[in-house]
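The values are calculated or read from the model by the stated rules, or taken from the named source; none is laboratory data. It should be emphasised that the depicted structure is a prediction, and the values quoted were computed from it without experimental measurement. All Cβ positions, even for glycine, are placed from backbone atoms using ideal geometry, and neighbour counts span all protein chains on display.
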Amino acid sequence: MTKKRGNPDWGKPDLHAARNEGPTSFEEIVRELRLSPADYQHSAQLKAWVQKNKDQKYVPSDLLRAWNFDVKGDL
């Protein structure tokens, strides 16, 4: 008997994939800096972190727009 080619589960959701259960890096830095959403735009430390990590980490798009930051991949 010949072996079937390909992955029979292709296109099906991965039920065993690791779920994103923890906070994002952005949420961690906000908690570390003890900022509320109203304070995000006025925090120099958060702005410096976002400038350094905006292309690799999640940052809310409205905050990026408020600071006029371009992100790689944006059109």
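A few comments on the model shown:
- Where a residue in the stretch 42-55 is among the hydrophobic types (A, V, I, L, M, F, W, C) and its partner, wherever it lies, is not in a helix (DSSP H, G or I), with Cβ under 8 Å and at least six apart: LEU46/LEU35; VAL50/VAL59; VAL50/TRP67; VAL50/PHE69
- Qualifying positions in the stretch 56-67 - among the hydroxyl-bearing types (Ser, Thr, Tyr) and either more than 13 Å from ILE29 (Cβ to Cβ) or in contact (Cβ under 8 Å) with a residue 60 or more places away in the chain (or both): SER61
- Top-ranked residue in the stretch 40-75 [being more than 17 Å from the chain's Cα centre (by Cα), in a loop (DSSP other than H, G, I, E, B) and exposed (fewer than 10 other Cβ atoms within 10 Å of the Cβ); ranked as modelled with the lowest pLDDT]: LEU75
- Failed criterion for MET1 (all others in (1) exposed (fewer than 10 other Cβ atoms within 10 Å of the Cβ); (2) within 14 Å of PRO60 (Cα to Cα) hold): (2)
- Counted residues, the stretch 31-56 - those being touching a helix residue (DSSP H, G or I) at 6+ places or on another chain (Cβ under 9 Å), closer than 20 Å to VAL71 by Cα and not charged (D, E, K, R): 9
- Assessment of the stretch 10-25 against the conditions (at pLDDT 85 or above and outside any loop (DSSP other than H, G, I, E, B)) yields at least one matching residue.
- Some residue of the stretch 26-39 being at pLDDT below 95 and of a type in the set (Val, Ile, Thr): no
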